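Report on one structure; see the data block that follows.
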Amino acid sequence: MTPSLPRIPAQAARRLFLQAQGLLDDPARRPDVQAVVEKLGFVQLDTINIVERAHHLTLASRLDAYRPGMLDELFEKRRTLFENWTHDASVIPTALYPHWHHRFRRYQGRVRSNAWWRERLGRSPRKLLDGVLERVRREGPLLSRDFEHDAKGEPGGWWGWKPQKAALEHLWRAGALAVTRRVNFQKVYDLSERAYPDLHAQPPSTPPDHLDWACRSALERLGVASPAEIAAFWRAVPVAEAAAWCRREAECVEVEALGGSAPRKAFALAGWEDRLKACPDAPDRMRLLNPFDPVVRDRKRLSRLFGFDYTIEVFVPAPKRKYGYYVMPVLDGERLVARVEPKFDRDRGRLEVRRVWWEPGVRPRRARLERGVERLGEVIGADRICVP
């Protein structure tokens with residue numbers, strides 16, 4: 001008879017996840033931004049600025065005293081964070097840089113193997129890449145706009161990318177260039193060896209160490225997960241390798257889901273029961289989570305553990321939107337209880353919540369929501385807030 005697997009209720013898996021994602025920690029503590037990024041693993045960047053950019057909102061939801069300049073200090077001046085690719089553009093602790101050498105090497109061959117890049121880099125990709133790299137080497141940090149599109153007949157590329165822009169992006173993802181800062185959210189590129197001389201010179205982690213890091217660190221930040229979810233966290237290793245690692249290094253469990261669907265087979269690191277017992281109570285407050293928050297990123301996980309159905313509707317035509325262009329889920333303790341559509345009018349210093357949708361069965365608590373919006377307003381510099 002096959003022994004039954006340990007069964008983890010959805011609420012327990014949710015607590016482990018929230019603790020791993022820093023949302024059970026006291027947000028009123030001293031704002032150690034570096035420690036929060038290290039705990040999360042990375043913080044996704046995004047251009048949308050309806051309220052504030054996603055990376056600042058992610059950190060603000062975990063630290064009351066966070067201000068946007070704190071992240072800039074670590075990334076642009078202290079260089080304890082670097083920018084590169086996970087599942088998207090992100091800021092990452094520089095201690096993890098040796099693991100990115102593996103990603104850089106994989107990307108270097110894409111000029112030849114990937115039609116998307118071949119189209120954007122044009123008929124002479126090696127000449128273009130070498131020319132762009134040499135100009136950065138000679139002139140120092142440059143933006144895309146510093147390059148004229150003088151290659152007649154070459155494709156403009158996706159989103160109007162000129163070949164030089166595509167070259168900069170490829171060289172960045174392949175590790176030859178680094179993004180050292182942003183100007184109005186436009187990347188400033190420099191040589192990696194100049195931006196991070198010690199890190200650039202380090203050898204890559206060994207393949208076994210890289211696999212163990214990619215899987216173990218992902219599972220630490222997810223609490224309980226399937227091999228596919230583990231592989232998707234960093235997008236650093238194939239699912240098959242993550243599955244083999246799980247069978248060797250993790251404990252197989254079953255995880256229940258809210259809504260009554262069948263339990264799913266998943267994996268957790270040994271000692272998950274002790275970690276669950278040690279989880280503190282959630283802060284007694286409401287917080288607004290941005291659409292790119294790591295808790296919100298995996299919509300299927302969000303539905304299973306929180307019973308919350310969420311779609312970002314930025315790319316949905318206005319007549320087809322169910323809620324709004326930019327809608328933020330509202331976390332109350334450990335539950336997602338509502339969603340709001342906020343807008344920051346910078347000229348008037350006014351943070352306005354245009355609409356609120358409370359989840360079915362949730363008692364509306366306007367004053368509590370208002371205080372959560374006020375805390376967000378303090379971070380982004382709003383003088384006034386308005387909650388309907």
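The values are calculated or read from the model by the stated rules, or taken from the named source; none is laboratory data. Just so you know, these numbers come straight off a predicted model, no measurement behind them. Don't worry about glycine lacking a Cβ; one is built from the backbone with ideal geometry, like all the others, and counts go over all protein chains shown. Just the protein is used for accessible areas: all its heavy atoms, side chains included, with ligands, DNA and RNA removed. Shrake-Rupley method; radii C 1.70, N 1.55, O 1.52, S 1.80 Å.
Here is how the numbers come out for the structure above:
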| read-out | value |
| --- | --- |
| Estimated distance in nm for a label pair at Arg112 and Asp383, the labels positioned 7 Å out from Cα along Cα-to-Cβ | 6.1 nm |
| Mean Kyte hydropathy of -0.5 or more with a Cα span along the axis of at least 18 Å, helices from DSSP in the chain | 366-380 |
| Solvent-accessible surface (1.4 angstrom probe) belonging to Glu359, in square angstrom, nearest 10 | 30 Å² |
| The chain: Lys pairs at Cα distance under 17 angstrom, eight or more positions apart or on different chains | 9 |
| Whole-angstrom gap from region 26-81 to region 193-232, using each part's C-alpha centre | 21 Å |
| Extension gain, Arg123 back to Asp309 (0.36 nm per residue minus Cα-Cα distance, nm) | 62.4 nm |
| Candidate values (i) 32; (ii) 26; (iii) 37, label of the one derived for percent of Cα pairs over 35 Å apart | (i) |
| The chain - accessible surface per residue (Å², probe 1.4 Å) | 47 Å² |
| Helix-derived mean residue ellipticity, 222 nm - over the chain, DSSP H n ≥ 4, -39500 (n - 2.57), to 500 | -11500 deg cm²/dmol |
| Debye, to nearest 20: dipole size of the chain, +1 on Lys, Arg Cβ, -1 on Asp, Glu Cβ | 920 debye |
| Exposure rank, largest accessible area first [Asp281, Asp146; 1.4 Å] | Asp281, Asp146 |
| Share of carbon and sulfur in the accessible heavy-atom surface of the chain [1.4 Å probe, %] | 49 percent |
| Of all DSSP beta bridges in the chain, antiparallel share, percent nearest 5 | 90 percent |
| Accessible-area value, Arg375, 1.4 Å probe, nucleic acids and ligands omitted, Å² | 40 Å² |
| Per-pair calculated FRET efficiency, R0 = 51 Å: Arg194 and Glu254 via Cβ, rounded to 0.05 | 0.50 |
| Mean separation of Cα contacts under 8 Å (6+ apart) over length of the chain, as relative contact order % | 18 percent |
| Electrostatic dipole magnitude of region 247-320 [Cβ: Lys, Arg +1; Asp, Glu -1; Cα centre; debye, to 20] | 300 debye |
| Neighbour net charge for Pro283 - beta-carbon separation under 9 angstrom, K R +1, D E -1 | -2 |
